[in-house]
1. Check the straight Cα-Cα distances from Lys31 and name the lysines below 17 Å, setting aside those fewer than 8 residues away within the same chain.
2. When you take every Cα atom in segment 16-110, what is the radius of gyration, and what is Dmax, the widest Cα pair distance, in Å?
3. Just the number, please: Stokes-Einstein D of segment 70-167 in µm²/s, Kirkwood Rh from C-alpha pairs, 20 °C, 1.002 mPa s.
4. Take the alpha-carbon positions of segment 112-202, form their convex hull, and give its projected area averaged over all directions (one quarter of the hull surface) in nm².
5. Roughly how many debye, to the nearest 20, is the charge dipole of the chain about its Cα centre, given +1 on each Lys and Arg Cβ, -1 on each Asp and Glu Cβ, and no other charges?
6. Based on Cβ point charges of +1 for Lys and Arg and -1 for Asp and Glu, what charge dipole magnitude is obtained for segment 28-113 about its Cα centre, in debye rounded to the nearest 20?
7. Let me have the relative contact order for the chain, percent, based on Cα pairs under 8 Å that are six or more residues apart.
8. How large is Rg/Rh for segment 9-212, to two decimals, with Cα atoms and a Kirkwood Rh?
Amino acid sequence: MQNNTTPLVSIVTTAYKNEKFNERYFNTVNKQSYPNIEVIFVDNLSPDNTALDAKERIKKGKVVESPTNSGCADGNNLGVLNATGKYIFLLGPDTWVDKECVGKLVAEAEKDDNQIYTSKQMTYDGKEFISCGISADLFGYPARTYSRDGKKQLKKIFYADGSSVFMKRENYLKVGMMDEATFLFAEDVDLSWKARMLGMSVIPVPESIVYHFSGGAIGIGGYPGSKEKYVTNCRRRFLAERNIIRNILKNYSILNVWWVLLYYLSINLVEIAALVLTGQALSAFNSYFKAYIWNIRNIKDTIKKRKEIQRIRTASDWEVMRSMYFFPHKVLAFLELGIPKVTK
């Protein structure tokens, strides 16, 4: 229940095989200076002792055990449906947070509670900056948004990384929650995109700090540091590509969806050619063509989701696009990281 002076914040976390991170996660969320918090910890059918360990460590809130491993998006939705706070704070399972983290977010949100807020993310050891809101091109693909040290913002912010999303629970439900079909990757882009279609913005709160284990040092999750070769895998690329296409199909108006989609597919053709020429033809098929096949097979569900958000949107594509970039961010990634090695 909410007390008379401070709104209740529901920290919602979806976890899978998280036992090694639980101790530090709970030690810090349990010791927040902000007094009115509940933790909704969703375990996605972990094969280890994640759920049992969480039940022993949680102080305020509850552990929700999902009957299936339904992915990050559906797990977060399950957590939010079990939450009771005015605000929800989607927080990654492999994180720990500064003592003032939630309090700083609430202080900003209470000035205007109709926006999305996001914390500054640092690496788990606190040595390197990761992000504090992330930019996106017309397809929702990210790029470096800040200088490496995080002191200078280089690009406009479009979305809040899924490991730190703070917003009213009412608004989360209003935009249709996260898209459960995405499972993982770009579900956070879609959430902020839909929120922008309803007139909301994404506001960084650098005073609120989250320490995240699996973020890339350049602000594009999963990418390597400056001295490492970019290595990814087919499963990751498949999920990312299929979800980017689904987001384009759902979120653009009928006047823009076709040319944006063709623009994106033309970039895909260049990527496929690059993989083929570097002896990675099978990876190209498993990553890209399987993503196309998935979207064709699931087009009815995509159209259903599309109708839901298009029916309630209040902002035009052009208003949303003002926070996006026309130049494809994949080109920037290529210039910085080169052609990736795509493993099985």
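Just so it is clear, none of the values below were taken in a lab; they were calculated from the coordinates. Just so you know, these numbers come straight off a predicted model, no measurement behind them. Methodologically, a virtual Cβ is constructed for each residue, glycine included, from the backbone with ideal geometry; neighbour enumeration extends over all protein chains shown.
1. Straight-line reach from Lys31, under 17 Å: Lys55, Lys59, Lys60, Lys62, Lys99, Lys104.
2. For segment 16-110, the Cα radius of gyration and maximum Cα-Cα distance read 12.9, 40 Å.
3. Answer from the Stokes-Einstein relation: 146 µm²/s.
4. Details: hull surface 25.4 nm².
Seen from a random direction, the Cα hull of segment 112-202 projects 6.4 nm² on average.
5. Values: 47 positive and 36 negative charges, 132 e Å.
Using only the charged Cβ atoms, the result is roughly 640 debye.
6. On the way: 10 positive and 14 negative charges, 68 e Å.
The dipole of segment 28-113 has a size of about 320 debye.
7. Working: 704 pairs, mean separation 62.7, N = 344.
Relative contact order comes out at 18 percent.
8. Values: Rg = 15.6 Å, Rh = 16.7 Å.
Result for segment 9-212 is an Rg/Rh of 0.93.
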